[in-house]
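The values are calculated or read from the model by the stated rules, or taken from the named source; none is laboratory data. What you see is a predicted model; the values in this text were computed from it and never measured. In this analysis, Cβ positions are derived from the backbone assuming ideal geometry, glycine residues included, and neighbour counts consider all displayed protein chains.
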Amino acid sequence: MPLSSLPEENFNNILSFLNRSTLHKCLFVNRYFCKLSIPIIWRNLFGNSCTNGLLINTLLKRLSEDEISSLIPYGININHQTPLFEYETFVRKFDHCYCVTSILNWLKLKPPMVDQDFIIQKLIDVIYYMLMRARSNMKEFVIFLDHGSYDLPDISNFTTYSSGIANLKYLEVEIMYDIR
């Protein structure tokens, strides 16, 4: 019996037991494996690994024309090549700290830019806006802010497209201030 004759639910259950590295290898087996592996890989957007800028590159390619044009004044030009999947719709867990770390790692691959703090905050805002606009079915949201961290985007990102967080089951917020 070929694997594709298994119901997708069964195959998804089997793939969910694989580690990230093995899931990445499944992307190259065939289209069927790829189609079933992508949602599992993107479930935990940053997955505790922020080692390169590929994830940010992929996310930026999913921006709308308005979002792309809002980055141009900051010197960020995006090759608007449409990816195969709507990756942002698969996100179930989002960690603000890992998002910032991924953006910082992505910027290391670019030439030095003026007003880097403004650029980082703008990228954070745009990524959040895209996730809320995509109406991803986010279940977990982790926020850690300290004295030197970057802010969350404007609250309107969460209220305009509330369905992005309507099914939230876990929220962790930790705010640390340096009191002297």
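Within the stretch 60-90, if we keep just the residues that are among the hydroxyl-bearing types (S, T, Y) and in contact with a helix residue (DSSP H, G or I) (Cβ under 9 Å, 6 or more places away or on another chain), the residue that is surrounded by the fewest Cβ atoms within 10 Å (Cβ to Cβ) turns out to be T82.
All of N48, N52, N19, N12 fail the test of being modelled with pLDDT under 90, of a type outside the set (A, V, I, L, M), within 19 Å of the chain's Cα centre (by Cα) and surrounded by 11 or more Cβ atoms within 10 Å (Cβ to Cβ), apart from N52. Taken over the stretch 70-105, residues that are farther than 26 Å from I165 by Cβ and of a type in the set (G, A, S) amount to 1.
With respect to (1) under 12 Å from I127 (Cα atoms); (2) without any contact (Cβ under 8 Å) to a residue 12 or more places away in the chain; (3) not aromatic (F, W, Y), the lone exception for S64 is condition (2).
If you go through the stretch 117-129 one residue at a time, do you hit one that is buried (at least 18 other Cβ atoms within 10 Å of the Cβ) and at pLDDT below 80? Looking through the stretch 117-129, none of the residues is buried (at least 18 other Cβ atoms within 10 Å of the Cβ) and at pLDDT below 80.
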